[in-house]
Amino acid sequence: MRFWLAVLLSLPLLAGGGGTVTFKQTAFISEVAATEPEKAKGLMYRQSLPKDRCMFFVYSADGDHAIWMKNCLIALDVAWVDAEGRVVETAEHVPPCSPMRGDDCPSYGGSVSSRHFVEFAAGTFKRLGLKKGDRLGWELTLDDGRVVRGGVPAAKAKKK
């Protein structure tokens, strides 16, 4: 039973849809967290996140969207973006929080109002030089068929 639970938890979360997030000339395959249950689960229990993947958290309004690393097993780089895709806050190598800690896990970010945030594998920002003020782009299709686009279109992204 424990084996199957581990297998299920290691499968990709086909959350609220999927699509692409771009930064300059780099494209990431994105999962989407659009509903409150999807946002609460996020990347919990993942044992890895490939360097070409990310999770995009969709919000309908600006707000202080802090993240909570409860039951996260991997470190993450996180970018908070405004409605136009401008990175307004970052957190690099946000450490995992063991399930053994229960609800005693710290929160990160959310000190600047943002529309959305995106979680990447730790080390992504250093590898690509991503920093506050840069622009991301996204084209996502939600489970209900709605398309969410924003930021810098991939075709117009600046070259490194």
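Only the coordinates and a few stated rules stand behind these numbers; no lab work does. Everything numeric here is computed off the predicted structure, so don't read it as measured data. Methodologically, a virtual Cβ is constructed for each residue, glycine included, from the backbone with ideal geometry; neighbour enumeration extends over all protein chains shown.
Results, tabulated for the structure shown:
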quantity	calculated
Amide hydrogen neighbours beyond the local backbone of A83, cut-off 5 Å, H modeled	R115
Free-standing Cys residues across the chain, given no other cysteine C-beta under 4.7 angstrom	C54, C72
Too-long pairs where the Cα-Cα distance tops 19 Å, listed order kept, from K39/K126; K24/K51; K41/K132; K41/K131; K70/K131; K41/K126	K39/K126; K41/K132; K41/K131; K70/K131; K41/K126
Lys, Arg +1 and Asp, Glu -1 on Cβ, resulting dipole of segment 2-156 about Cα centre, debye, nearest 20	500 debye
GNM top mover of V94, V148, V112 - the chain, alpha-carbon springs below 10 Å	V148
Positive-end residue, the chain charge dipole about Cα centroid, Cβ charges, pick of G123, G17, L140	G123
The chain: relative contact order as a whole-number percent, Cα under 8 Å and 6+ apart	27 percent
